[in-house]
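The structure under discussion appears below in the form of structure tokens.
Where a number appears in this text, it was derived from the coordinates with a stated rule and is not lab data. All of these numbers come straight from a predicted model, not from anything done at the bench. Don't worry about glycine lacking a Cβ; one is built from the backbone with ideal geometry, like all the others, and counts go over all protein chains shown.
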Amino acid sequence: MPLIFVTNDDGVRSRGIIALSQAMASIGDVYVVAPDREQSAVAHALTLHRPLKAEKINKKKTFSVNGTPTDCVIVGVNKILPQKPDLIVSGINNGGNLGDDITYSGTVAAAIEGTLLGIPSIAVSLVKGFQDNGAYKYSTLKRAAEVAVRIAKTTLRKGLPPDTLLNVNIPDSKNIKGIEITRQGKRVYDNSIHEMSDPRGRRHYWIGGGTPLWEAGEDTDFEAIQKGFVSVTPVHLDLTNYSALRYLKNTWKI
Ligand code: MN
């Protein structure tokens, strides 16, 4: 049985990771090492200035760590799992990780860390119905977990290209139309910063809360979701813009 490491950024007790680890147990030996509390939008943060503690939280192979998703992957792979895992799956995140938003994502960062360690890694997110602020129904999560299993099986069988993780987004739909391989889309930034005053009249700011908008674009993650497909984006860790590299070499005489 393949050794599968499950983690997330919503915290070890989130319903998404419970559904994911239960589903993954049908194809592998599952270890869960995840943050002890929500760590959404911490991106690839690493804890360097305080000690980390891993706590076994049940009889199964489930551990909580008082750190970030990246901390969980490092501690899990090096100190908790019996050997290097065959696969890391991060999720199921409560909300999509589309387009530029992946740069904030703790869910994706766990898969980035796995990729840096040379382990095939997948980030899985469930895109919210845009009017729905409530929690997901169990059936929705189960359906998403089944999609994750299907993609995990293929990844275990075929492997991934070097330095590449899969960013998977699943539509919140009963009728998933299929799976599309996509590219990262672009977010249209709105000013979703709420400005308020505290009881003493001091100004404060609250980021987010707006509805994310996306540039239309063929083959993007957002377009696939909009059409009712699962989006699978291969993401690589080399952030170099190669056409800009050529351009700068040729035109900047410095
Ligand atoms: Mn999250």
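Here LEU156 does not qualify as buried (at least 18 other Cβ atoms within 10 Å of the Cβ) and farther than 16 Å from HIS44 by Cα. Restricting PRO171, PRO85 to residues that are farther than 30 Å from HIS49 by Cβ and either buried (at least 18 other Cβ atoms within 10 Å of the Cβ) or aromatic (Phe, Trp, Tyr) (or both) narrows the list to PRO171. Does GLU146 qualify as being in a helix (DSSP H, G or I), under 24 Å from ASP71 (Cβ atoms) and within 17 Å of the chain's Cα centre (by Cα)? Taking the combined requirement at face value, the residue does not satisfy it. Based on what the data block shows, is ASN58 under 28 Å from GLY208 (Cα atoms), surrounded by fewer than 18 Cβ atoms within 10 Å (Cβ to Cβ) and either of a type outside the set (A, V, I, L, M, F, W, C) or touching a His at 6+ places or on another chain (Cβ under 7 Å) (or both)? The answer is no for ASN58. Those strands (runs of 3 or more DSSP E) of region 164-238 in which at least 1 residues are without any contact (Cβ under 8 Å) to a residue 40 or more places away in the chain, considering only elements entirely within it, cover 193-197, 203-207.
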